[in-house]
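S.K.: Sharing a structure with you now.
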Amino acid sequence: MKVGIIGSGMVGATSAFAIMMRKAASDIVLIDANQKRAIAEAQDIMHAVPFAAATDIYAGSYEDLKDAKVVVIAAGANQKPGETRLMLMEKNASIMRDIISHTAEVNPNAIFLVATNPVDIITHICVNIAKEFGIPSSRIIGSGTTLDTARFRSLLGAHIGVDPQHVHAYVLGEHGDSEVLTWSNIDVGGVSIEDFIAHRNIEFNEEIKNRIDDGVRNAAYKIIEGKGSTYYGVAGAIAKLVEIINRDNRAVLTISALKDDVEGIKNVTLSLPHLIGGSGDLGVLPIKLSVRERMLLKKSAEIIKEKIDEYEKK
């Protein structure tokens, strides 16, 4: 169960650490343009192995990906002063093409897990590049709103006093400002949220909902303001996805994937609940939404589609 991680920055390295701690892979290879960084991160994580699970972690090259089940893409360019969003997207598209082409040469059957932001647009770009190498879209998975969904469940669980793993709620659409928190279908251990709070006599009004919404929607901004970047949460999401794929656990997560149609918006990449297994994305699941949530999801899809079109029409 080998995993390759392209990019040894904070997200890539923290993901490697989380995968090791979760026992989600037997081998982890770190690849980075800065080989010294990859070597240093691999050595640092290896020193924690005796306290966790037997895992072989090392810095390597694309040749080392020939037997990797999953390849995590955590590489990408940062926006420089004076650089437009479109210029940055073109630069990142070039990086994605380089990663996918080199990986496909040695391992055409790898499943790509995209973590680079803006993840919906980058995933869409990766899907189109992968087609050129005969790689189906089912093997291109964006981390999407897996982290946003975890934040939602965490805050809900904290408010109602329940382990978040037993709170089922989703964040859909863009991994960004237009994401949609789906309040209409939350359940706690199979019990609707309305019945649960009534039975437990828990206050749950619009003010509380707004506070939770803000905690989910603006979490990244607050974390970045305090320490510069986010990486633990997304690393946890990546480690979970790697474990599911490596063990074929068949779990439902809100990953970002290409959709033919979302509320009338064609050919757009965003997050909905998907069944994930050993062969990658096994398909989107139906979800009942309120009229308002469907309108918000359409708006989110429109925002992503506009950015995709801007890039594709360059």
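S.K.: Say we join alpha carbon atoms closer than 10 Å with springs in a Gaussian network model of the chain; which of Glu206, Glu194, Glu243 then has the biggest fluctuation?
M.R.: Glu206
S.K.: Quick one: if the Förster radius is 22 Å, what FRET efficiency do Lys23 and Ser192 give, using the C-beta to C-beta distance and rounding to 0.05?
M.R.: Taking R0 as 22 Å, the efficiency between Lys23 and Ser192 is 0.05.
S.K.: Then there's this: So if I place +1 on the C-beta of Lys and Arg and -1 on the C-beta of Asp and Glu, and nothing else carries charge, what would the dipole magnitude of segment 1-154 be about its Cα centre? I want it in debye, nearest 20.
M.R.: The calculation lands at about 380 debye.
S.K.: Let me ask you something else. Which listed residue (Phe196, Trp183, Ile122) has the Cα farthest towards the positive end of the charge dipole for segment 93-223, taking +1 on Lys and Arg C-beta and -1 on Asp and Glu C-beta about the Cα centre?
M.R.: Ile122
S.K.: Still on this structure: Only Lys, Arg, Asp and Glu count, each charged at its Cβ (+1, +1, -1, -1), so figure out the dipole size of the chain about its Cα centre, rounded to 20 debye.
M.R.: Its charge dipole is roughly 120 debye.
S.K.: Ignoring everything except DSSP H segments at least 4 long, calculate the 222 nm mean residue ellipticity for the chain; use -39,500 (n - 2.57) per segment, divide by total residues, nearest 500.
M.R.: After summing the helix terms and dividing by the residues of the chain, the value is -14500 deg cm²/dmol.
S.K.: Now for a different question. Based on the Cα coordinates of segment 34-186, what is the per residue volume of their convex hull in Å³?
M.R.: 170
S.K.: When the Kirkwood hydrodynamic radius is evaluated over all pairs of different C-alpha atoms of segment 166-263, what value in angstrom, to one decimal, is obtained?
M.R.: Mean inverse Cα-Cα distance, inverted, gives 16.1 Å.
S.K.: So, one more: For the chain, build the charge dipole from Cβ charges (+1 Lys, Arg; -1 Asp, Glu) around the Cα centre, then report which of Ala219, Gly9, Met46 sits farthest towards its positive end.
M.R.: Of the candidates, Met46 comes out farthest on the positive side.
S.K.: Ordered by packing density, taken as the mean number of other Cβ atoms within 10 Å over each peptide's residues, highest first, how do 139-146, 259-266 rank?
M.R.: With the highest mean Cβ count within 10 Å placed first, the list reads 139-146, 259-266.
S.K.: Given (i) 21.4, 65; (ii) 19.3, 66; (iii) 19.3, 59 as candidate values of Rg and Dmax of the Cα atoms in Å, which corresponds to the one derived from the coordinates?
M.R.: After the calculation, the listed value that fits is (iii).
S.K.: Which three numbers, in whole Å and largest first, are the semi-axes of the equivalent ellipsoid of segment 1-123 derived from its Cα gyration tensor as √(5λ)?
M.R.: Over the Cα atoms of segment 1-123, the semi-axes work out to 25, 16, 12 Å.
S.K.: State the answer as a single residue: which of Val167, Thr149, Phe112 lies farthest towards the positive end of the charge dipole of the chain, with beta carbon charges of +1 for Lys and Arg and -1 for Asp and Glu, about the Cα centre.
M.R.: After comparing all options, I get Phe112.
S.K.: To check my understanding: the extent here is largest minus smallest coordinate of the Cα atoms along each principal axis. What are those three numbers for segment 1-41, in Å, largest first?
M.R.: Taking the Cα atoms of segment 1-41, the three principal extents are 26, 16, 14 Å.
S.K.: Convex hull over the Cα atoms of segment 256-306, averaged projected area in nm²?
M.R.: Orientation-averaged projected area of the Cα hull: 3.5 nm².
S.K.: Could you pull the Rg and Dmax for segment 146-312, using just the Cα atoms, both in Å?
M.R.: Both quantities, over Cα of segment 146-312: 16.3, 52 Å.
S.K.: Add +1 for every Lys or Arg and -1 for every Asp or Glu among the other residues with Cβ under 14 Å from the Cβ of Val188, and state the total. Let's see the in-between values first.
M.R.: Working: positive: Arg153, Arg200; negative: Asp163, Asp187, Glu194, Asp195.
It works out to a net charge of -2.
S.K.: Taking 0.36 nm per intervening residue step and subtracting the Cα-Cα distance, what contour gain separates His199 from Ile224 on full extension?
M.R.: Values: separation 25, 0.36 × 25 = 9.00 nm, distance 3.83 nm.
Result for the pair: 5.2 nm of gain on full extension.
The numbers here are math on the coordinates, done by the rules we state, and not lab data. The structure displayed is predicted, hence computed values, not measured ones. Ideal geometry is used to build each Cβ from the backbone, glycine not excepted, and the neighbour counts take in all protein chains shown.
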